[in-house]
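*Asks:* Pasting a structure below so you can have a look.
The values are calculated or read from the model by the stated rules, or taken from the named source; none is laboratory data. Values in this document were obtained by computation on a predicted structure and should not be read as measured data. Note that each Cβ is placed from the backbone with ideal geometry, even for glycine, and that neighbours are counted across all protein chains shown. Only protein heavy atoms, including side chains, enter the accessible area calculation; ligands, DNA and RNA are left aside. Shrake-Rupley method; radii C 1.70, N 1.55, O 1.52, S 1.80 Å.
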Amino acid sequence: MDFALTEEQEMIRDAAREFAQKEIAPVAARFDETGEFPAETIRKAGELGFMGIEVPEEFGGAGLDAVGYALLMEEIAAADAAHSTIISVNNSLYSNGILEFGTTEQKQKYVTPVASGEVIGAYALTEPQSGSDAGNMRTRAALSDDGTHYVITGKKSWITSGPVARYFVVFATTDPSAGAKGITAFVIDAERDGFRRGKGEPKLGIRASATCEIELEDYRCPVEDRLGSEGQGFRIAMTVLDAGRIGIAAQAVGIARAAYEASLEYVRERQAFGQPIGGFQMIQAKIADMKMRLEAARLLTLRAAWNKSRAKAAGLRNTTEACCAKLFASEAAMFITHQAVQIHGGMGYSREMPVERYFRDAKITEIYEGTSEIQRLVIARGEIGLR
Ligand code: CAA
């Protein structure tokens, strides 16, 4: 067993760290305050190849593996979680499904501009009445009589990058009587008629990552923009989430690391009762518990990332590995950011220090791309042999 990174992986980690600390960290608090979309830093991230880390070079990406992607996500999230959310949707939720299930033409048309950061991509699965129960969607796609296009009508909610994205991977039912087996995936272009952006979501954390509803009304989607075959959509959605959850795990590790490092610095400097608070055993216990969870979360995350291509080559799913990583890392991030606020005391509660932002940002990692309850359900079903 070798835990060392390859030279290429070290290069992407170092480049991401330099960019994140120089360009993102200094503006993170301001964008969190205003909730404005950080278009300029996202444009620069695109120029550096960070919007398509796993996208093959022929489609404009960096051609790296899932470990490279996880390393990128940790570094960006350690500077600002909102930036890492935007970057994650382009890289994984949007691009992965097209890369794995799309035609060469679809990859050229829909992945290449997103991998370069020229336009933003998004993923639309959730609906107002179906979050965890993703198969229970109402958005309807009906094939036209002449078979040239689908007419899609429905509403999708909680769409990350919805307010700014040009292309969306959208899931709709082509056969409502067939449940999950009746779901089909499509690529939607926001510049076509029948597409509308709905209300924005004011959020607790990752505030600079724009989120809104989208509505489709008699949207005419050419058949060549259907992703995979009719009825394959739910499998596409779940396969994409298996990859996406590794990115969220890495995001949680990044947020947790930032909170941990801030705490270490604080306990060395902050004086109480005549000594730095790091000298007190109650603080030391917190530091040890934070460190242990941070290391374990990173190991599970990198293991899931490392296993992604191996599982695929063996015809296996990487579901359990991804869910374990996301579940553990997100709960570790909540624990670590909570302790960080506690260690900082009043300063931890103040908006003048970044730890309260880490605490707010960490919470989303337990919710999106499948709640902790859903991760537990999926892991247990796999272990017991129920899937
Ligand atoms: N890979 C491939 N296929 C899969 C799969 C996977 N990981 N998981 C399930 N499937 C297949 C199953 O094999 C099954 O196919 P068959 O009938 O042919 O065997 C089919 O999909 C249905 O699976 P289930 O019976 O397990 O479906 P279910 O309805 O009981 O449960 C669920 C599914 C696991 C609960 C699923 O609905 C789920 O993951 N829910 C959470 C959804 C989620 O993560 N939403 C987040 C949206 S993205 C987001 O957060 C927004 C953002 O922008 C960041």
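*Asks:* Which members of segment 51-91 meet the condition of being open to solvent by 10 Å² or more (accessible area, probe 1.4 Å) and touching a strand residue (DSSP E or B) at 6+ places or on another chain (Cβ under 6 Å)?
*Replies:* Residues satisfying the conditions do not exist here.
*Asks:* Within segment 353-371, count every residue that is within 11 Å of the ligand (Cβ to nearest atom) and either part of a helix (DSSP H, G or I) or of a type in the set (Phe, Trp, Tyr) (or both).
*Replies:* Residues meeting the conditions: 2.
*Asks:* Tell me yes or no: at least one residue of segment 321-329 is closer than 24 Å to residue 53 by Cα, open to solvent by less than 10 Å² (accessible area, probe 1.4 Å) and touching a Leu at 6+ places or on another chain (Cβ under 7 Å).
*Replies:* yes
*Asks:* I've got another one for you. So residue 316 clears everything in (1) in a helix (DSSP H, G or I); (2) within 16 Å of the ligand (Cβ to nearest atom) except one condition, right? Which one?
*Replies:* So residue 316 meets the others, but not (1).
*Asks:* Could you list all residues from segment 177-214 that are more than 15 Å from the ligand (Cβ to nearest atom) and under 29 Å from residue 105 (Cβ atoms)?
*Replies:* 186, 187, 189, 190, 191, 192, 193, 194, 195, 196
*Asks:* When you look at residue 227, is it over 30 Å from residue 299 (Cα atoms), within 16 Å of the ligand (Cβ to nearest atom) and either in contact with a strand residue (DSSP E or B) (Cβ under 6 Å, 6 or more places away or on another chain) or of a type in the set (Asp, Glu) (or both), yes or no?
*Replies:* yes
*Asks:* If you don't mind, there's one more thing I want to ask. For segment 116-134: of the residues being of a type in the set (D, E, K, R) and in contact (Cβ under 8 Å) with a residue 24 or more places away in the chain, which is farthest from the ligand (Cβ to nearest atom)? Before you say what the answer is, go through the steps one by one.
*Replies:* Of all residues in segment 116-134, those of a type in the set (D, E, K, R) come to 118, 127, 133.
Now narrow it down to the ones that are in contact (Cβ under 8 Å) with a residue 24 or more places away in the chain: 118, 127.
Details: 118: 20, 127: 10 Å.
Per the criteria, the residue is 118.
*Asks:* Does segment 340-355 hold any residues that are more than 14 Å from residue 80 (Cβ to Cβ) and open to solvent by less than 50 Å² (accessible area, probe 1.4 Å), and which are they?
*Replies:* 340, 341, 343, 344, 345, 348, 350
*Asks:* A further question follows. Which pairs do you get when a residue that is without any contact (Cβ under 8 Å) to a residue 40 or more places away in the chain, found in segment 176-189, comes within reach of a residue that is within 11 Å of the ligand (Cβ to nearest atom) and open to solvent by less than 10 Å² (accessible area, probe 1.4 Å), reach meaning Cβ atoms under 6 angstrom, with the pair 6+ apart or on two chains?
*Replies:* If the second residue must be within 11 Å of the ligand (Cβ to nearest atom) and open to solvent by less than 10 Å² (accessible area, probe 1.4 Å), no pairs are left.
*Asks:* Output the residues belonging to segment 372-387 that are within 13 Å of the ligand (Cβ to nearest atom) and assigned to a helix (DSSP H, G or I).
*Replies:* 372, 373, 374, 375, 376, 377, 378, 379, 380, 381, 382, 384
Conditions (1) under 18 Å from the mean Cα position of the chain (by Cα); (2) within 16 Å of the ligand (Cβ to nearest atom); (3) within 24 Å of residue 330 (Cβ to Cβ); (4) modelled with pLDDT of 95 or more, marked per residue:
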residue: 55; (1), (2), (3), (4): yes, no, no, yes
residue: 82; (1), (2), (3), (4): yes, yes, yes, yes
residue: 85; (1), (2), (3), (4): yes, yes, yes, yes
residue: 107; (1), (2), (3), (4): no, no, no, yes
residue: 110; (1), (2), (3), (4): no, no, no, yes
residue: 138; (1), (2), (3), (4): no, yes, no, yes
residue: 149; (1), (2), (3), (4): no, no, no, yes
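*Asks:* Name the pairs whose Cβ atoms lie under 7 Å apart, with the first residue in segment 351-364 and touching a residue at least 40 places away in the same chain (Cβ under 8 Å), the second in a loop (DSSP other than H, G, I, E, B), and 6 or more positions between them or separate chains?
*Replies:* If the second residue must be in a loop (DSSP other than H, G, I, E, B), the pairs left are 360/204; 360/205; 361/205; 361/206; 363/204; 363/205; 364/205; 364/206.
*Asks:* Do we have residue 100 as surrounded by fewer than 22 Cβ atoms within 10 Å (Cβ to Cβ), within 16 Å of the ligand (Cβ to nearest atom) and outside the structural domain of residue 229 (by TED's automatic domain parsing) here? Talk me through it step by step, then tell me what you get.
*Replies:* Numbers: surrounded by fewer than 22 Cβ atoms within 10 Å (Cβ to Cβ): yes; within 16 Å of the ligand (Cβ to nearest atom): yes; outside the structural domain of residue 229 (by TED's automatic domain parsing): yes.
The answer is yes for residue 100.
*Asks:* Taking the condition of being crowded, with 16+ Cβ neighbours inside 10 Å and in contact (Cβ under 8 Å) with a residue 60 or more places away in the chain, how many residues in segment 18-34 meet it?
*Replies:* 4
*Asks:* Let me ask something additional. Answer with yes or no whether residue 307 is within 30 Å of residue 55 (Cβ to Cβ) and either without any contact (Cβ under 8 Å) to a residue 40 or more places away in the chain or more than 16 Å from the ligand (Cβ to nearest atom) (or both).
*Replies:* So residue 307 fits the description; yes.
*Asks:* Kindly indicate whether residue 94 is open to solvent by less than 20 Å² (accessible area, probe 1.4 Å), hydroxyl-bearing (Ser, Thr, Tyr) and more than 16 Å from the ligand (Cβ to nearest atom).
*Replies:* no
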